[in-house]
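S.K.: First the structure, then my questions, so here it is.
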Amino acid sequence: MKELYIIATPIGNLKDITLRALDVLKEVDLLLCEDTRVTQKLLNHYEIKVKTVSLHQHSTDSKIKSLLEQYDKIGYASDAGTPGISDPGGKVAEIAYDLDFEVFTIPGPSAITSAISICGFPTDKFLFLGFMPHKGKTKIFNQIKESPYTACFYESPHRIMKTLVAMKDFVADRQIMIGRELTKKFESVYRGTIDEVIEQVEDKQKGEFVVIVSK
Ligand code: SAM
């Protein structure tokens, strides 16, 4: 049976990769990547030579199908973290099942589990909302306000401040944590009320962000 390996890769620090992921990266006949240039840095670091092909959110189903049909042992890696979590990884698995592949997970880091694990809020259950949408934020803010669980989302550096300010009235009584550039050189964690975190993030709007709102 043909095999597809969905491989989690670091969210910043290149040492955050499992021994099994390194083995599988060396063994696959083809590595599909969200962006070959990004994954190549990881491959170079570990001196792994493997054929790579780019598959991104605009890749058609027929392109994915045709690539899957050509090889027996294929890997997929997104730019960072666990494929399928707010990135195009899920599509590859979906098509592989249709082609009767066996699909294996090679688990590892994700920005969401990393941030959740250090937030210090109740997280036995949590609501993950993916990327905050550009439009329709009020609906999401209301969902967060009504949520009986700690809620979390991804946000881009260009919009982080705007989103925090717009969310203010919905979460005035809640504790917030922001994980910025986790595992990287400028890793920072900001905690407090929404006003307190806005003050802390104000002059640090570069990088990648996870926002967590306590229940
Ligand atoms: N699949 C990935 C995962 O498992 O974490 C997430 C992919 S999504 C396209 C990328 C978003 O994840 C970024 O915009 C940011 O919100 C968040 N992210 C990724 N790396 C991060 C990091 N090192 N620190 C904080 N947030 C991060």
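The values are calculated or read from the model by the stated rules, or taken from the named source; none is laboratory data. Here the structure is a predicted model, which means the values were calculated and not measured. Virtual Cβ from ideal backbone geometry, glycine too; neighbours counted across all protein chains shown. Heads up: the accessible areas ignore ligands, DNA and RNA and are worked out on the full protein's heavy atoms, side chains in. Shrake-Rupley method; radii C 1.70, N 1.55, O 1.52, S 1.80 Å.
S.K.: Identify, among V53, A115, V103, the residue whose Cα sits farthest towards the positive end of the charge dipole of the stretch 1-160, taking +1 on the Cβ of Lys and Arg and -1 on the Cβ of Asp and Glu, with the dipole about the Cα centre.
M.R.: Working it through, the farthest residue towards the positive pole turns out to be A115.
S.K.: Rounded to the nearest 10 Å², what accessible area does T138 have for a 1.4 Å probe in the complete protein model?
M.R.: So the heavy atoms of T138 present about 80 Å² to solvent.
S.K.: On to the next question. Under a crude label model (7 Å from the Cα following the beta-carbon direction), how far is H56 from D124 in nanometres?
M.R.: With each label placed 7 Å out from Cα toward Cβ, I get 4.4 nm.
S.K.: Determine the gain in length on full extension of the stretch K26-K65; use 0.36 nm per residue of separation and subtract their C-alpha separation, reporting nm with one decimal. Before the final figure, lay out the partial values.
M.R.: Numbers: separation 39, 0.36 × 39 = 14.04 nm, distance 2.26 nm.
Full extension of this stretch gives 11.8 nm more.
S.K.: Add +1 for every Lys or Arg and -1 for every Asp or Glu among the other residues with Cβ under 11 Å from the Cβ of M1, and state the total. Provide the component values of the computation, followed by the final result.
M.R.: Values: positive: K2, K73; negative: E3, D72, D100, E102.
Neighbour charge sum, excluding M1 itself: -2.
S.K.: Right, next: With n ≥ 4 as the cut-off for DSSP H runs, can you work out [θ] at 222 nm for the chain, using -39500 (n - 2.57) per run divided by the number of residues, rounded to the nearest 500?
M.R.: Values: 8 runs with 73 residues, N = 215.
Counting only the DSSP helices, I get -9500 deg cm²/dmol.
S.K.: Give, as a single signed number, the net charge of other residues whose beta carbon lies under 12 Å from the beta carbon of G192, with Lys and Arg counted +1 and Asp and Glu -1. Mind showing how you got there, number by number?
M.R.: On the way: positive: R174, R191; negative: D195, E196, E199.
Local charge sum for G192: -1.
S.K.: May I ask you to evaluate 6.51 cos²θ - 1.76 cosθ + 1.60, the Karplus curve with θ = phi - 60°, for each residue of the stretch 49-57 and list the ³J(HN,Hα) values in order in whole Hz, giving x for glycine and proline?
M.R.: Each residue of the stretch 49-57 in turn: 10, 8, 6, 10, 9, 7, 10, 10, 4 Hz.
S.K.: Still on this structure: Mind putting a number on the dipole of the stretch 92-215 about its Cα centre? Charges go on the C-beta only, +1 for Lys and Arg and -1 for Asp and Glu, and I need it in Debye to the nearest 20. Can you show the working numbers first?
M.R.: Values: 16 positive and 17 negative charges, 93 e Å.
So the dipole magnitude of the stretch 92-215 works out to roughly 440 debye.
S.K.: At a Förster radius of 41 Å, what calculated FRET efficiency corresponds to the Cβ-Cβ distance of E146 and D98, to the nearest 0.05? Show your work: numbers first, answer last.
M.R.: Values: r = 37 Å, r/R0 = 0.91.
Using R0 = 41 Å, I get an efficiency of 0.65.
S.K.: Any idea what % of Cα-Cα pairs in the stretch 3-106 are farther than 22 Å?
M.R.: 19 percent
S.K.: Sort all Cα-Cα distances of the stretch 111-213 into consecutive 10 angstrom bins from zero, then give the percent of pairs in each bin up to the one containing the longest distance.
M.R.: 16, 56, 27, 1
S.K.: Answer with one residue from I64, L43, S86: the one whose Cα lies farthest towards the positive end of the charge dipole of the chain, charges on Cβ with Lys, Arg +1 and Asp, Glu -1.
M.R.: So the residue furthest toward the plus end is S86.
S.K.: Under the rule of at least 5 residues apart or a separate chain, name every residue whose amide H is placed under 5 Å from the amide H of T52.
M.R.: L31
S.K.: Turning to a different aspect of this structure: Suppose every K and R has +1 on its Cβ and every D and E has -1 on its Cβ; what is the size of the dipole of the chain about the Cα centre, in Debye to the nearest 20? Before the final figure, lay out each step's value.
M.R.: Working: 28 positive and 30 negative charges, 96 e Å.
For the chain, the charge dipole is close to 460 debye.
S.K.: P148: net charge of surrounding residues, Cβ under 10 Å, Lys/Arg +1, Asp/Glu -1, itself excluded? Present the calculation step by step, with values, prior to reporting the outcome.
M.R.: Values: positive: K125, K215; negative: E146.
That sum, taken over residues with Cβ under 10 Å, equals +1.
S.K.: Next question. Separation between the H45 and K184 pseudo-spin-labels, each 7 Å from Cα along Cα→Cβ, expressed in nm?
M.R.: Here the modelled spin labels are 1.2 nm apart.
S.K.: Charges on Cβ only, +1 for Lys and Arg, -1 for Asp and Glu, centred on the Cα centroid of the chain; of M161, I176, V28, which one is farthest towards the dipole's positive end?
M.R.: M161
S.K.: For the stretch 3-106, with only Lys/Arg (+1) and Asp/Glu (-1) charged at the beta-carbon, what is the dipole magnitude about the Cα centre, in debye rounded to 20?
M.R.: The calculated dipole for the stretch 3-106 is roughly 420 debye.
S.K.: How big is D for the chain, in µm² s⁻¹ as a whole number, if Stokes-Einstein is applied with the Kirkwood radius of its Cα pairs at 37 °C and 0.692 mPa s?
M.R.: Numbers: Rh = 18.4 Å.
D = 178 µm²/s.
S.K.: Report the FRET efficiency, 1/(1 + (r/R0)^6), for H134 and K206, where r is their Cβ-Cβ distance and R0 is 25 Å, rounded to 0.05. Working shown, then result.
M.R.: Working: r = 20 Å, r/R0 = 0.78.
Computed FRET efficiency for H134 and K206 comes out at 0.80.
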